[in-house]
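Working notes for the structure below.
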Amino acid sequence: MPDYESLLNRWLSAGVLDAEAAARIRIWESAQQSSSTREIAAPGPAARESGLAWQGRLALILGGILLASGIVLFVSSHWDQLGPAMRYTLVMAMVTIFHLGGAFTRNQYPATSSTLHAVGTVSTGAAIALVGQIFNIQEHWPAAILLWAIAALCGWKLLRDQAQQTLSLLLVPSWLICEWGYAVDNHIGAEIYVGRFLFVWAILYLTLFIDTRRRIVRGILFGVSTLAAVASVSLLLTSWRSWSGMQPLPLLHTRFWGWVVIAVVPLLFSLFSFRKATAPVLAAIAFVIALPWCERVWIEHYPYGNTYGFYTRNEPNLLAHALVAGFCVFLIWWGVRQASRGLVNFGVIAFGMSVAWFYFSNIFDKFGRSLGLIGLGILFLAGGWALEKTRRGLLARMAQMPAPLEEAR
């Protein structure tokens with residue numbers, strides 16, 4: 001008898017389940033056992049790939065990185081000695097060999113095939129830039145990112161593997177931000193719009209792929225998104241600083257398309273996730289709108305010959321610290337709601353960073369060096385203990401919650 005039969009009988013006798021619900025559970029369990037038996041009897045390429053040990057995955061990833069780096073170094077060291085025809089031939093051969101190697105090994109060694117195709121797609125980006133240099137094509141470097149993103153999307157459409165999907169999901173927003181950044185270069189507030197873009201898209205990726213079965217996609221996007229979220233906050237806090245020669249942002253059409261990329265496109269993507277990422281994206285949009293305006297501005301005078309000059313200074317105010325800490329708490333709450341350990345851990349770490357930032361910005365300078373260090377030590381000890389205790393409590397609470405169904409995207 002299956003292991004679940006004793007539990008079903010126990011729940012039936014206790015009145016927790018009725019006969020109809022127990023019958024549906026038996027049918028579902030029987031179907032799962034039959035599917036597992038067929039997979040064990042005739043494992044396909046996907047099963048063989050998922051059974052690859054972590055040592056093998058690590059070796060493939062490092063091998064792909066080292067192979068690509070070695071080829072780049074070899075080509076760069078001999079580039080000046082080659083003519084245009086030889087350069088073009090070398091560039092095309094570099095892309096072709098990797099993809100042909102991936103095609104030949106696809107049936108027997110799917111993991112190796114995916115690695116070779118990924119290196120081939122990465123080489124495509126280098127090939128696009130090198131071909132433009134060889135033939136002196138008119139420079140508009142965001143167009144090279146667009147062509148690279150199209151190549152990755154084609155690879156994702158044809159191969160349906162995780163490496164091509166990850167490259168596509170990274171290159172498409174990279175092209176969008178490069179195009180807009182190119183259009184507003186050397187304009188006041190351009191860094192703030194870049195920070196807004198990075199933060200909203202980082203929150204989208206953090207929440208949209210938290211429960212996907214594609215571990216490579218989830219791991220890489222999670223790592224990139226956490227770094228982008230932290231970096232984007234520093235860009236948002238630059239406020240509206242301007243230097244000599246900088247111009248205001250172009251008129252309505254440029255700002256309109258900027259907000260389409262920042263808010264509308266991520267929001268549309270989140271709506272396709274059964275509202276799993278809609279609330280975090282909306283919260284991120286509100287956050288990036290408000291944070292650049294949370295500043296304290298004052299005029300500082302300095303001696304300039306026989307007179308005094310002045311310049312305007314600004315720094316984040318208390319509301320900025322509260323907004324950052326509040327959004328970290330929101331991420332922790334959403335991670336608990338979605339049963340995501342990674343999101344909870346990131347939210348706890350980000351909250352600790354926000355507290356340390358507040359201490360250095362507003363408290364440390366008001367004490368002497370020794371008292372400041374003592375307070376910093378107490379903050380790290382007591383705060384670290386409190387955060388770790390809270391994190392463990394949240395994770396224990398999540399372990400008692402029913403696990404959400406995973407989606408294979």
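Just so you know, all these numbers are worked out from the coordinates, no wet-lab data involved. Note that the structure is a prediction, hence the values are computed from the model and not measured.
Observations
- log10 of Debye I(q)/I(0), alpha-carbon scatterers only, for region 77-166 at 0.14, 0.16, 0.19, 0.20 Å⁻¹: -0.54, -0.68, -0.88, -0.94
- Taken over region 90-135, the convex hull of the Cα atoms encloses 42 Å³ per residue.
- Reciprocal mean inverse distance between Cα atoms of region 176-232 - Kirkwood radius, Å: 12.2 Å
- The equivalent ellipsoid that matches the C-alpha gyration tensor of region 134-219 spans semi-axes of 26, 21, 6 angstrom, in descending order.
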